[in-house]
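Structure, as structure tokens:
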């Protein structure tokens with residue numbers, strides 16, 4: 001028998017929670033088992049290994065005993081993370097959850113900005129790009145959002161994480177900014193879609209910016225300082241999205257929100273304009289400088305800054321100074337996209353050394369690595385740290401070159417017997433031992449990636465130090 005009687009019977013009980021006609025004989029006594037007979041603690045443990053759809057099947061049985069055991073797990077799976085669009089219907093649904101017994105289960109609220117395309121007024125020309133009035137606006141009036149979110153955040157008494165996410169990209173659009181409007185012009189592969197729409201999309205930038213500003217204001221007024229994680233995501237990957245979250249205003253506002261001063265995680269993706277100003281970075285420093293709880297810091301600036309990241313800039317100096325000069329926190333994760341190292345602030349190697357006791361993840365993208373930073377010092381610090389994940393793309397080194405993956409590959413040729421022409425045949429020994437050598441370099445956007453265990457990082461970083469020492473990799477002179 002493949003299964004014991006007890007296990008066979010338990011599997012039957014899972015399929016027959018009411019226990020009808022289920023039993024085994026033992027010592028002349030009929031013992032009946034069912035899922036309903038299990039204690040709540042055991043039911044909860046079982047439920048913890050089930051997928052959401054399977055939990056719902058058990059919930060749909062409407063069995064009081066089973067419900068009592070799985071209710072906690074089922075509620076966590078369905079209500080812990082709430083996603084809400086900025087539409088009236090979505091806000092109302094979230095409000096119903098907050099006014100129910102499940103309000104205390106809500107720990108993450110993710111708000112996704114929503115775009116609604118309204119057909120242009122009658123008689124409006126749609127013949128070319130930029131003609132006519134905006135047709136794509138915020139999906140909800142900013143004042144309605146302000147009142148609704150206020151009650152939602154207040155009612156979510158166990159709220160720990162807030163995510164503000166940029167709108168998704170509509171089909172058949174390009175990426176062009178026109179003053180206070182955003183023109184989304186056509187892409188050739190989506191011409192059929194555009195023809196069915198009958199017009200080009202133009203975003204009303206002011207309505208989206210106003211909506212975003214009201215969300216930030218509401219957070220500043222009603223969210224308690226018990227918040228653990230705060231994220232603004234998706235506003236840095238394309239120019240039209242970055243225009244919907246004005247960086248300087250946003251970062252200044254964040255610096256004055258009490259709820260953000262005790263965070264463990266701060267994840268920001270918006271245009272910080274670091275190519276000409278340190279306003280955004282300075283404001284972020286004000287937000288975190290007294291936070292002893294911060295563990296995860298992720299900053300990604302927008303496309304305008306990324307396009308200019310090879311230009312020298314001191315905009316990041318305030319953050320580098322904080323991170324490398326006895327900060328009140330010790331980071332576990334540091335991710336920076338668009339960083340320009342400073343000639344006066346602490347180096348990246350100093351920052352790694354400062355957070356070495358806890359730092360286990362370091363991600364750099366679009367990095368302008370300038371003197372007095374040195375490659376040797378950076379990778380030596382990495383090799384001596386406990387970092388188990390390191391990734392870097394577009395690493396611009398000392399204003400002259402990019403650091404990226406490459407490898408030397410060789411292939412042995414098959415030996416060929418070559419003969420001299422003439423009366424006496426002689427073997428040409430030069431045919432033996434030939435190899436083909438090929439130097440392979442990866443694309444700049446392909447990451448230098450060491451992931452999984454700290455041994456990989458130590459070996460990889462030590463290899464870079466050896467390259468510098470032997471002269472095969474040119475560092476600062």
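Please treat every number below as a calculation from the coordinates, not as lab data. Remember, predicted model here, so these are calculated numbers, not experimental data. Cβ sites come from the backbone with ideal geometry, for glycine too, and all protein chains shown count toward neighbours.
Using the basic label-point model (7 angstrom from Cα toward the beta carbon), what is the residue 290 to residue 262 distance in nanometres?
1.4
If N is the number of residues in region 224-477, what value comes out of its Cα radius of gyration divided by 2.2 N^0.38 Å?
On the way: Rg = 23.6 Å, N = 254, 2.2 N^0.38 = 18.0 Å.
After normalising by residue count via 2.2 N^0.38 Å, the value is 1.31.
Please arrange 252, 53 by counting, for each residue, the other beta carbons lying within 10 Å of its beta carbon, fewest first. Can you show the working numbers first?
Details: 252 17, 53 8.
So the residues, fewest neighbours to most, are 53, 252.
Calculate the FRET efficiency for residue 157 and residue 414 from the Cβ-Cβ distance with a Förster distance of 45 Å, rounded to the nearest 0.05. Don't skip to the answer; put the middle values down first.
On the way: r = 74 Å, r/R0 = 1.65.
E between residue 157 and residue 414, to the nearest 0.05, is 0.05.
State the antiparallel share, in %, of DSSP beta bridges confined to region 224-477, rounding to the nearest 5.
Details: 15 of 43 bridges.
Rounded to the nearest five, the antiparallel share is 35 percent.
At a 10 angstrom cut-off on C-beta neighbours, averaged per residue, how do the peptides 361-373, 76-88 rank from highest to lowest? Before the final figure, lay out each step's value.
Numbers: 361-373: 20.1, 76-88: 18.2.
Going by the mean number of other Cβ atoms within 10 Å, highest first, we get 361-373, 76-88.
For region 271-385, what proportion of DSSP beta bridges, expressed in % and rounded to the nearest 5, is antiparallel?
Values: 0 of 11 bridges.
Roughly 0 percent of the beta bridges in region 271-385 run antiparallel, per DSSP.
Test of understanding: ordering 111, 257, 453 by Cβ neighbours within 10 Å, fewest first, what list do you get? Spell out each step's value before the answer.
Working: 111 24, 257 18, 453 11.
Ranking 111, 257, 453 by Cβ neighbours within 10 Å, fewest first, gives 453, 257, 111.
Neighbouring Cβ atoms within 10 Å as the yardstick, rank 261, 409 fewest first.
Numbers: 261 19, 409 9.
Ascending Cβ contact count within 10 Å gives the list 409, 261.
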